[in-house]
Amino acid sequence: SSPNAADLDADARRYAAAGRQADVLDLRRDRFQAERSLTSYRALREAATACGVWPAERETALALLSEDMRARPRQPAWAWTGPVLIDALIDDRDLDAAWAAARDAASERQWLRLADASVESHPAAALAVYRTTIGALKVQTGDDNYRRIASLLLSARACHRALGTADEFRRYVAALRAEQKRKRNLMKILDRNGL
């Protein structure tokens, strides 16, 4: 982070130590305006919560992040980490809003974070993300990839349990094993994970 950010953090700590919460909030608000990141959003949330004004402050912050998401220039997929709006909504545990925002713009990493946060609350939506990701990974080889598939399958199993569809999960894993049986290391990793 830039020296400016470090200076700002030092100022914020001094103000907080002096009980100047409103000044801390002003600093955090300015920082968020200048750099709309999850880190600056969290700092703003902390300062606004301490001042008892987070609901109004959050509404303004989310409006700015929504604007950023709509105005985003097209970037190559590999360079794209996804809109900060989605990260902020996941961080706030506002999962309904996060799913709505993700629909048009989430990166793969964000889809997975959202699914991981939503196994209990949105198991069907989370399951769809896991299945899509597993589908893309099936065509690749390598033990790291196989461990990732096993991890995603364990998450998918948790979704099926939440949905009461354990039999469907067993059928899915059986079909996956039949289709991938030549990948001996994958089979060993699935065995080790009780899949």
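Within the set 124, 48, 100, 63, the sole residue that is part of a helix (DSSP H, G or I), among the small types (Gly, Ala, Ser) and buried (at least 17 other Cβ atoms within 10 Å of the Cβ) turns out to be 48. Taken over the range 93-119, the criterion of being among the aromatic types (Phe, Trp, Tyr) and farther than 18 Å from residue 136 by Cα is satisfied by 99 alone.
Total residues in the range 151-184 satisfying the condition of being in a helix (DSSP H, G or I) and at positive phi: the figure is 0. Can we say residue 109 is more than 28 Å from residue 68 (Cβ to Cβ), in contact (Cβ under 8 Å) with a residue 24 or more places away in the chain and open to solvent by 70 Å² or more (accessible area, probe 1.4 Å)? The answer is no for residue 109. State all residues of the range 169-187 that are surrounded by 12 or more Cβ atoms within 10 Å (Cβ to Cβ), without any contact (Cβ under 8 Å) to a residue 40 or more places away in the chain and not aromatic (Phe, Trp, Tyr); if no residue qualifies, say none. Correct list: 170, 173, 177, 187. Looking at 58, 31, 36, just one residue is crowded, with 18+ Cβ neighbours inside 10 Å, at pLDDT 95 or above and charged (D, E, K, R), and that residue is 58.
The values are calculated or read from the model by the stated rules, or taken from the named source; none is laboratory data. Computed from a predicted model, the values in this text were never measured in an experiment. Note that we place each Cβ from the backbone using ideal geometry, even for glycine, and neighbour counts take in every protein chain shown. The accessibility values were calculated without ligands, DNA or RNA, using every heavy atom of the protein model including side chains. Shrake-Rupley method; radii C 1.70, N 1.55, O 1.52, S 1.80 Å.
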